[in-house]
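One structure is given here, and the rest of the page talks about it.
The values are calculated or read from the model by the stated rules, or taken from the named source; none is laboratory data. Just so you know, these numbers come straight off a predicted model, no measurement behind them. Counting neighbours? That spans all protein chains shown, and the Cβs are built from the backbone with ideal geometry, glycine included. The protein model used for the area step is the full one, side chains on, heavy atoms only, and it has no ligands, DNA or RNA in it. Shrake-Rupley method; radii C 1.70, N 1.55, O 1.52, S 1.80 Å.
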Amino acid sequence: MSSTIFRTPAARCNLSPRTVEGCIDRVGVRYARAGRPAPTTASLVARALQDGLIDLDDL
């Protein structure tokens, strides 16, 4: 993934884009280990929606 897409969320949390990217990557690994692969950012968002971790209003 490109760290440029993580600039805005990183700035909001006062983190570096690489830190955000690393966290997102680790979440993807955890989903894969659980048998629910989510190889893209979009698929991770879909999983978070399915699992009730976020709402459409959060996007």
State to the nearest 20 debye the size of the charge dipole of the chain about its Cα centre, where the only charges are +1 on K and R beta carbons and -1 on D and E beta carbons.
-> 280 debye
Under the rule rounded for a/c under 1.5, else prolate if a/b exceeds b/c, else oblate, using alpha carbon gyration tensor axes a ≥ b ≥ c, the chain is classed as oblate
How much length is gained on full extension from Cys13 to Val45, taking 0.36 nm per residue of separation minus their Cα-Cα distance?
-> 9.7 nm
Based on the mean of other beta carbon atoms within 10 Å per residue, what is the order of 28-37, 42-51, most packed first?
-> 42-51, 28-37
Over the chain, with every protein chain in place, what whole percent of the accessible area is carbon and sulfur at 1.4 Å, could you tell me?
-> 55 percent
Calculate for the chain the 222 nm mean residue ellipticity that helices alone would give, adding -39,500 (n - 2.57) per DSSP H run of length 4 or more and normalising by residue count, nearest 500 deg cm²/dmol.
-> -17500 deg cm²/dmol
Would you mind getting the accessible area per residue of the chain, heavy atoms of the protein chains only, 1.4 Å probe, in Å²?
-> 75 Å²
Would you mind checking the tilt of helix 41-50 against the longest principal axis of the Cα atoms of the chain, expressed as 0 to 90 degrees and rounded to 10?
-> 50 degrees
